[in-house]
Structures are given as structure tokens and as C-alpha cells.
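Written below as C-alpha cells is the structure these notes are about.
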Amino acid sequence: MSDVVILGTGMHPFGRFEKSYEEIGAVAAAAALRDAGVEWKQIQAAYLSRMYLPATSGARILRRLGATDISIIDIEAACASGGAALRQAVLAVRSGEVDLVMVLGCEKMPRGFMDPSMIYSQWQIELGMSMNPAYWSMRAQRHMHDYGTTELQIAKVAYKNHKMSVHNPYSMYRKEFSLDEIMNSPFVCDPIRRLEICAPDDGAAAVIVASEKRARELGASAKAINIASCSHTIARYSADFRCPADSMSATANNPGPTEVTAQQAYERAGLGPQDIDLYEVQDTDAFCEIEIYEGLGLCALGEGGRLIDEGKTDLGGASPVNMSGGLISKGEPVGASHLAQVVEIVTQLRGEAGPRQVAGAKVGLGHVLGAGGNCAVTILTR
Amino acid sequence: MAAGAIAAGKRVPIREGLLAGSLLELDQVRIAGSKCTSCGETSLGTMSVCANCGRDTVRAVALSDRGVLWSYTVVRHKPPGDYRGPDPFVPFGLGLVELPDGLRVMSPIECNIDELKIGLALQFRPYVRMDADGREVVAFTFVPAAKGAGHV
């Protein structure tokens with residue numbers, strides 16, 4: 001067992017709800033406490049991962065579980081907020097000051113394209129540079145040009161993830177689409193199509209994190225899942241053309257944020273891609289998943305398309321990716337997305353994932369990547 | 001104060017520090033850059049420190065007005081927020097234009113969207129937009145370079 005473990009997890013489904021964010025968040029928090037078999041009064045610190053909620057949302061959500069005087073802080077690192085928050089919890093437990101903490105991710109977002117003023121400058125908005133999918137699409141277009149990746153390969157990623165979502169009760173969309181339906185859905189930003197893209201929505205996910213010693217004292221060691229590593233980094237200079245970038249170097253050659261963060265997480269865990277049984281990754285668009293295969297080391301640069309063609313990332317393949325249905329199906333309530341990946345991996349490692357179960361899964365990796373090149377990777381083991 | 005300076009005060013760049021040259025002479029306007037004499041990187045806009053190495057060894061440069069399309073997309077939906085493009089909305093090209101100065105700049109690409117392709121030779125084109133408050137705002141786009149004119 002590693003020094004820091006997950007004792008329990010909880011979810012509020014992802015989707016669109018006529019409920020306040022406080023209500024949504026409290027559902028996941030209470031479920032995680034129940035699953036861990038601990039009381040709210042035992043928790044010594046809490047971290048809320050969120051991007052689009054107001055100040056002190058963590059305290060506002062968690063007061064619904066009862067009054068407390070513990071430290072509750074909100075953490076934001078764009079799409080990687082959940083990884084940044086989980087990392088703070090791990091560091092706090094490792095410091096020895098606390099040994100039983102909660103990490104909650106929660107978001108409630110308006111429909112449609114995200115509010116551009118959150119990440120773009122006024123001039124970018126005026127010139128029409130304020131759509132996140134435009135950036136993803138330019139990456140895809142260049143990858144297709146450099147490596148021969150095809151629109152059909154991109155569609156196959158969306159096909160796989162939609163297909164798996166049917167088995168995930170927490171997913172917003174739970175509908176299988178044929179390759180024809182995906183390829184015939186309209187472009188949002190060429191070459192990315194409507195059925196290949198994720199939507200912002202509402203949702204929450206929570207985990208209870210403890211020291212290995214505390215887990216033993218609670219008699220919870222048997223079901224504890226190890227946090228082998230949890231890394232968060234920001235893209236190096238010009239290493240990632242992603243919103244809200246207005247330019248990039250044509251000469252710098254820094255490794256991308258997925259490569260850098262994964263490398264750090266692999267090293268700290270003493271594991272590599274050959275050891276990982278399943279992945280949950282940032283498929284905000286279907287092309288992005290192909291690029292992430294390469295960044296995580298599932299294949300060489302430029303070979304991501306081949307991986308999806310060969311079925312290696314499907315259920316039953318050597319490296320199943322996004323068996324939860326991914327963000328394409330679940331939607332992306334930004335603050336909650338990584339913690340929901342962690343919940344999915346814990347469920348898989350416990351062998352409780354039902355029809356989407358990866359047989360014999362012992363090691364799982366969660367990856368998120370977003371604005372400003374924020375990237376987080378968490379590796380869990382049992 | 002010279003008459004030109006007063007007029008120039010009313011004509012503003014779409015973002016301070018993004019354009020070089022007199023805004024009154026559109027054919028002299030270029031994208032502003034900062035070249036670092038320590039690390040050699042050239043970055044977009046007028047900066048006091050290098051975007052790469054953080055040193056203050058940067059000098060202002062005017063970037064080339066010619067480039068090639070490095071990647072692109074077609075924006076099929078009206079962008080959210082205060083978009084100032086044509087109303088009603090028309091799908092448009094958006095791309096990364098690689099300049100010989102060693103950087104790629106994101107810009108709208110004004111052309112028939114069927115013409116968009118990686119490697120397309122492009123020409124910088126500043127233009128004046130009248131805002132509701134009476135200010136003349138200098139914005140920019142790239143257009144396909146005239147045949148025989150692309151040389152980067």
C-alpha cells in the first residue's frame with residue numbers, strides 16, 4: 001500500500017439539473033463519506049475543485065453536511081482543477097498535519113459554448129478567437145497533415161466512447177451512435193464534428209483521502225485504493241497550442257504538457273504505460289484522445305490513429321481508454337471531471353464496473369488537460 | 001500637439017502593444033513582436049520581458065507581413081461573447097500563420113473557406129473598424145497573397 005489512499009468515492013450524475021450547485025455537490029460529498037464509512041465530523045480538511053462557481057463555494061456546499069471549523073478551500077486550474085485539488089490533499093496528508101480529508105469537484109455550467117471572458121482577452125473575443133473547439137481543431141488539422149490521421153479515425157474515438165457510455169449511469173448522454181451518424185454530424189470547427197465534442201454541464205464527484213496508517217486504524221485497508229502518484233503541471237513555453245493562446249513559437253521544441261506530466265507521474269509511481277490496465281483521459285474532442293495516446297506513451301508520436309484502428313483502446317484491448325464513456329458522453333463539469341475519472345478508476349479497480357469492467361484491472365491512470373496547458377495525471381493501484 | 005497625433009489618439013489598436021507603425025498609414029502597420037537577444041525567441045506583441053526566458057533583453061520588432069498557413073479551422077457557429085464579425089454570422093477561417101520571424105500568429109483568414117489549406121501563402125491586412133463610441137479601431141486579418149508574391 002502507498003502512503004496515501006482513497007477510502008471512498010461518491011458521485012452526483014453529470015447532466016443538466018434544476019438544482020443548485022450546493023445541492024449537487026452535497027450529494028457527491030455525502031455519498032463519498034458513506035462509501036468510506038466515515039462521518040463528516042471526522043474529516044480534517046476539505047478541497048473543492050471548481051472553475052465556474054463563486055467564491056467560497058466549498059464552504060457553501062459542505063455546510064449542508066453540518067457546521068465545521070476545518071480548512072475548506074476552493075482550487076482552480078482550469079480543466080485540471082480536480083488533479084490540482086487532489087494533489088493538495090495528498091500533500092497535506094503526506095505532511096502529517098492531517099490524515100483524513102475530502103476532495104470534492106463540483107460545477108454548474110450554462111449550456112453552449114463557455115463564457116469566453118473567463119479565459120480570453122477582449123480583442124480575441126472581438127476577432128472570433130474565443131471558441132475552444134477552434135484550437136482543438138487546428139491541432140487536429142495539423143496532426144492529419146503531418147501524420148495522415150483521418151477524419152474516420154477521429155470518428156472511431158467518438159464511436160467507442162459513446163458506445164461505452166450506455167453502461168455508465170452517471171453519464172449525461174447514454175446513447176450509442178453509428179460511425180455514419182458521427183461522420184454525418186455537422187462540423188463545429190472543421191475537422192471536429194458535433195458528435196465528437198463534449199458539452200459543459202453540471203455534476204459532482206468526491207473522494208475521501210487518508211493516510212495508509214489511518215486507513216488501517218479504521219479497518220479499511222482491504223478496500224483502500226492507493227494513490228501511486230498525482231501530478232499537475234502547466235505547459236512549458238510554447239509546448240501546447242491550446243486556448244487561449246494567440247501565438248506559438250515556430251522554433252521552440254518543448255515536450256507537451258501530457259508528456260511532461262505523465263512522465264512525472266510515471267516516475268513517482270515507479271510505473272510506466274506497460275503497467276496501466278485502463279485510462280480515463282481528456283476527450284473534450286475525439287481528436288484530443290488520439291493525441292493523448294501519444295503523449296501518455298501508449299504509442300509513438302503520430303501513431304495514435306493506428307491505435308484506434310486496431311482496437312487497442314477499446315474494451316478487451318491492451319489499453320482500454322475512457323470506459324466511462326469519456327467527457328464526450330459525460331459532459332465536462334470542469335471542476336468535477338478529473339475526480340469523476342478517479343471515481344471511475346476506483347470502481348474499476350474494485351471490480352465493480354459491471355458491463356464496462358476491464359477484467360482484472362489493478363492499475364488505472366486519469367488524465368486531464370485544458371486552458372493554459374494545465375495538465376494533471378493521477379495513477380491509482382490496488 | 002500635431003494634428004496627426006490628435007487623430008492618432010482617436011485611432012486605437014485592437015489591443016495595446018499588438019500593432020507596430022503609424023495607425024494612420026494602414027499600409028505601414030505591422031504586427032508588433034519582441035525579439036529576445038538572450039534566447040533568440042521572438043514573441044507576439046510589445047513585451048518588457050521575454051515570453052520564453054523572462055529576461056528583459058527584448059527589443060521591439062515589426063513582424064513580417066507575409067506568412068504561410070500552418071494550420072486552420074472553419075468556425076461554423078457564431079463565437080460566444082462580443083464577436084464583431086459580420087452580422088448575420090458567416091462561417092469563417094481561423095488559422096495559425098507562420099511568419100519568417102519564427103513564430104505562428106493566430107488570425108482570422110479572409111478568403112473563401114474552400115481555399116483554406118496548409119501551406120497557403122498569406123498577406124497581413126490591417127483594417128479600420130468603427131466602434132459605436134466613435135473610435136476607429138485598427139484590427140487585422142490575413143488574406144491569400146497575390147499570385148507570385150508569396151515567398152516564405
Answer in debye to the nearest 20: the dipole magnitude of region B:3-144 about its Cα centre, from +1 Lys/Arg and -1 Asp/Glu charges placed on Cβ, is 160 debye
Of B:Lys35, B:Lys78, B:Lys117, the most mobile residue in a GNM of chain B (C-alpha springs, cutoff 10 Å) is B:Lys78
Sequence order, region A:337-350: Karplus ³J(HN,Hα) from phi using 6.51 cos²θ - 1.76 cosθ + 1.60, θ = phi - 60°, Hz rounded, Gly and Pro as x, gives 5, 5, 5, 5, 4, 4, 4, 4, 5, 4, 4, 5, 5, 7
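Could you tell me which of rounded, prolate or oblate describes region A:253-345, using a ≥ b ≥ c as the square roots of the eigenvalues of the alpha-carbon gyration tensor, with rounded for a/c under 1.5 and, failing that, prolate when a/b is larger than b/c and oblate otherwise?
Details: a/c = 1.31, a/b = 1.12, b/c = 1.16.
Since a/c stays below 1.5, the shape of region A:253-345 is classed as rounded.
Take the Cα pairs of region A:1-110, get the Kirkwood Rh, then feed it into Stokes-Einstein at 4 °C and 1.567 mPa s and tell me D in µm²/s. Don't skip to the end; give the middle numbers.
Details: Rh = 14.1 Å.
Roughly 92 µm²/s, to the nearest whole number.
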Sorted by number, the cysteines in the protein assembly as shown with no other cysteine beta-carbon under 4.7 Å are A:Cys79, A:Cys106, A:Cys189, A:Cys198, A:Cys230, A:Cys243, A:Cys288, A:Cys299, A:Cys375, B:Cys111
Nearest 10, in degrees from 0 to 90: the angle of helix A:257-269 to the longest Cα principal axis of chain A is 40 degrees
A convex hull over the alpha carbons of chain B yields, per residue, a volume in Å³ of 140 Å³
Computed on Cα atoms only, the convex hull of the protein assembly as shown has an orientation-averaged projected area in nm² of 26.6 nm²
Expressed in angstrom and ordered largest first, the alpha-carbon extents of region A:117-170 along the principal axes are 42, 35, 11
note: region A:19-66, Cα-Cα separations exceeding 18 Å make up a percent value of 24 percent
Semi-axes of region A:44-86 from the Cα gyration tensor (sqrt of 5 times each eigenvalue, largest first, whole Å) come to 19, 11, 7
Over all directions, region A:121-219 yields a Cα convex hull whose mean projected area in nm² is 11.1 nm²
Magnitude of the Cβ-charge dipole (Lys and Arg +1, Asp and Glu -1) of chain A about the Cα centre, nearest 20 debye, reported as 860 debye
Surpassing 21 Å at the alpha-carbon level, of the pairs A:Lys330/B:Lys78; A:Lys19/A:Lys330; A:Lys108/A:Lys362; A:Lys223/A:Lys362; A:Lys223/A:Lys312, are A:Lys330/B:Lys78; A:Lys108/A:Lys362; A:Lys223/A:Lys312
From the Cα centre of region A:234-249 to that of region A:250-282, the distance in Å is 18 Å
Compactness summary of region B:68-152: radius of gyration and Dmax from Cα atoms, Å, are 13.8, 41
Using eta = 1.002 mPa s and T = 20 °C, Stokes-Einstein with Kirkwood Rh from Cα pairs puts D for region A:26-170, in µm² s⁻¹, at 116 µm²/s
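Read-outs: derived from the displayed coordinates by stated rules, not from any lab. Computed from a prediction, not measured in an experiment: that's the story for all the values here. Don't worry about glycine lacking a Cβ; one is built from the backbone with ideal geometry, like all the others, and counts go over all protein chains shown.
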